[in-house]
Amino acid sequence: RDTEVIPVQWRVSSSAESHLDGGPFERTGVFQASHTRDWTVKIDVDKLTPGKIYFYSFAAGPATSPVGRFKVPFAADTSIDHLRYAVFSCANWGWGYFNAYDLASKQDLDFWLHLGDFIYEYAADHYPEQHQAVRFGPSASAGQSALQPDAE
């Protein structure tokens, strides 16, 4: 497996429909995913129009990704009237509410800024018990459950 390489096709277009109809695409390419980069595809796509919204997708073998959307940053010397963005911090899938991501996806934002990472103060291969978690622990049972939303 250390020598295995998986070709991943990437595509960028001006419309989401292009990814369903087979084109046209503004840019395409193939990235060779391997264990040396943790099977992660990271590409820099150039020659796109600043401030424009594009759509992207990936395919590897018979598997295809959902279509994603991004906005190219404005050129450094561009004067803009306003900038709309969302800021997120550490998110742990097993212990969190993620409705903020859904809400942000429905906004006309220029970018999303993610702060933090999946680094926590517990040992590897150990996850806190339910009573140790902030949203279920002693603080929550002491009447400080305001951290919990009414619904996901």
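What the table below lists for this structure:
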| item | result |
| --- | --- |
| Filtered residues of region 50-59 (kept if modelled with pLDDT of 95 or more and more than 19 Å from the chain's Cα centre (by Cα)) | none |
| Top-ranked residue in region 1-52 [being of a type in the set (Val, Ile, Thr) and open to solvent by less than 60 Å² (accessible area, probe 1.4 Å); ranked as nearest to VAL72 (Cα to Cα)] | VAL45 |
| Answer from VAL30, VAL41 - the residue that is under 15 Å from VAL12 (Cβ atoms), out of contact with any Gly (no Cβ under 6 Å at 6 or more places or on another chain) and modelled with pLDDT of 95 or more | VAL30 |
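The values are calculated or read from the model by the stated rules, or taken from the named source; none is laboratory data. All figures in this text were calculated on a predicted structure; none of them were measured in a lab. Every residue, glycine as well, gets a Cβ built from its backbone with ideal geometry; the counts of neighbours run over all protein chains shown. When the accessible area is computed, the model is the full protein with side chains, heavy atoms only, and any ligands, DNA or RNA have been set aside. Shrake-Rupley method; radii C 1.70, N 1.55, O 1.52, S 1.80 Å.
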